[in-house]
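Only one structure is covered here, and it is reproduced in the block below.
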Amino acid sequence: MHAASMLVLSIVFLMSVNPAISYCPTSGIYLRHRGRCYYNGSYFWDSRIISRRVDCRINLATLSGGEWIGPAGKMPCPGDKTNIRCSLYQGTAPLRISLYIPNYGGKYLLPSGDGWYKCCLPTNCSDPNTNIIFANIFRYAQIESFYAADLPSDMTVYPQKYKVHCTKIGHVSYSISLDLGSSTFVSYTNCNDGNNSPCP
């Protein structure tokens, strides 16, 4: 005879807002988009950067390299990769290298370009003394964070009950499911951040 195990999940979905900095830094490296400055690790939904650049900036006038490196490798600058274009501006402070999706043909970020981008200024990322900042550029919607909470103190007692916290960023309409092996614990379709129905 063996004990049957059971898992009870309580799901909490949260929306996350990408906070802008109230003022742009006067030194160091920073991100700028649509007139606002953003923290290291900020995220940008691909449809928001169509013809609207994400600038990686530093308050210097002379560039000695500088680059963006994404999930598909080094971005040619100037140039294109995974439907993202890179452009370079120097000569006056702040110097910047920018990423954006050109507004033609209804193109969006390719799956191979979905993820973290590292910007290095004023030199390349191989220089240990360069300045580095990260931006997350993603397609449609993405899980920003996912963790289990309220774990029981005795993991040998069944049934087990966990609370799973999940923070989604991106498009307001989405579907989500939580699977473990061949078992589906929850599955929601036609979710909308505006009214949460039929999703928690």
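The values are calculated or read from the model by the stated rules, or taken from the named source; none is laboratory data. The model shown is predicted, which means the values in this text are computed figures rather than measured ones. Cβ atoms come from the backbone with ideal geometry, glycine included; neighbour counts cover every protein chain shown.
Descriptive notes on the structure:
- Scanning the stretch 172-183 for residues that are loosely packed, with under 15 Cβ neighbours inside 10 Å and closer than 29 Å to residue 43 by Cα yields 172, 173, 175, 177, 179, 180.
- Among (1) at pLDDT 85 or above; (2) more than 29 Å from residue 26 (Cβ to Cβ); (3) in contact with a Pro (Cβ under 7 Å, 6 or more places away or on another chain), the one test that residue 160 misses: (1)
- Counting only residues that are touching a Leu at 6+ places or on another chain (Cβ under 9 Å), in contact (Cβ under 8 Å) with a residue 40 or more places away in the chain and not in a loop (DSSP other than H, G, I, E, B), the stretch 48-85 holds 10 of them.
- From the options 88, 99, residue that is surrounded by fewer than 19 Cβ atoms within 10 Å (Cβ to Cβ), in a strand (DSSP E or B) and not acidic (Asp, Glu): 88
- The requirement of being among the hydroxyl-bearing types (Ser, Thr, Tyr) and without any contact (Cβ under 8 Å) to a residue 40 or more places away in the chain is not satisfied by residue 112.
- Hits in the stretch 144-170 - residues which are under 20 Å from the mean Cα position of the chain (by Cα) and either loosely packed, with under 15 Cβ neighbours inside 10 Å or on the phi > 0 side of the Ramachandran plot (or both): 145, 146, 147, 170
- Residue match in the stretch 119-137 (condition: surrounded by fewer than 21 Cβ atoms within 10 Å (Cβ to Cβ), more than 13 Å from the chain's Cα centre (by Cα) and at pLDDT below 85): no
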